[in-house]
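Heads up: the structure comes next, in structure tokens.
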Amino acid sequence: MKDYITSPKRRRTLLKIARYCAYLRRSAGITQEEVANAVGCSKSNVSAFEHGQNDSATIYQWYLDRDGEALLDYMYGPRVAKPFD
């Protein structure tokens, strides 16, 4: 694990985001193996990401591309006005 993740506050934040990503994936009926194939990594890397033990930008980007609005709403609260709408 990288040094900056060892901060308790950052670790908690990463874990919350990771758990929500796993929730979004399961809700969509997508397996960890399907995510791994789409991203080009192993299923164990996806599992580690969803347990807050891996901060892979590539995996995170997959979740943002797929469910970015839901993820951002979870992290920052629902936005009243969306830019450029």
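The values are calculated or read from the model by the stated rules, or taken from the named source; none is laboratory data. A quick note: this is a predicted structure, and the numbers were derived from the prediction, not measured. Cβ sites come from the backbone with ideal geometry, for glycine too, and all protein chains shown count toward neighbours.
Return a yes/no flag: does segment 42-51 have any residue that is within 21 Å of residue 10 (Cα to Cα), outside any helix (DSSP H, G or I) and at pLDDT 85 or above.
Yes - at least one qualifying residue is present in segment 42-51.
Working only within segment 8-24, note down all residues that are at pLDDT 90 or above and among the basic types (Lys, Arg).
Passing the criteria: only 19.
Just to check your reading of the model, which residue among 77, 68 is closer than 24 Å to residue 10 by Cα, surrounded by fewer than 18 Cβ atoms within 10 Å (Cβ to Cβ) and over 10 Å from the mean Cα position of the chain (by Cα)?
Step by step, each of 77, 68 is checked, and only 77 is closer than 24 Å to residue 10 by Cα, surrounded by fewer than 18 Cβ atoms within 10 Å (Cβ to Cβ) and over 10 Å from the mean Cα position of the chain (by Cα).
Scan segment 12-24 and report the pairs whose first residue is buried (at least 19 other Cβ atoms within 10 Å of the Cβ) and whose second residue is not in a helix (DSSP H, G or I), with Cβ atoms within less than 7 Å and a gap of 6+ or a chain change.
14/52; 14/55; 18/51; 18/52
Exposed (fewer than 12 other Cβ atoms within 10 Å of the Cβ) and hydrophobic (A, V, I, L, M, F, W, C): does that describe residue 57?
yes
Restricting to segment 25-54, and then to whatever is surrounded by 16 or more Cβ atoms within 10 Å (Cβ to Cβ) and of a type in the set (D, E, K, R), can you tell me which residue is farthest from residue 65 (Cα to Cα)?
Among them, the one singled out is 50.
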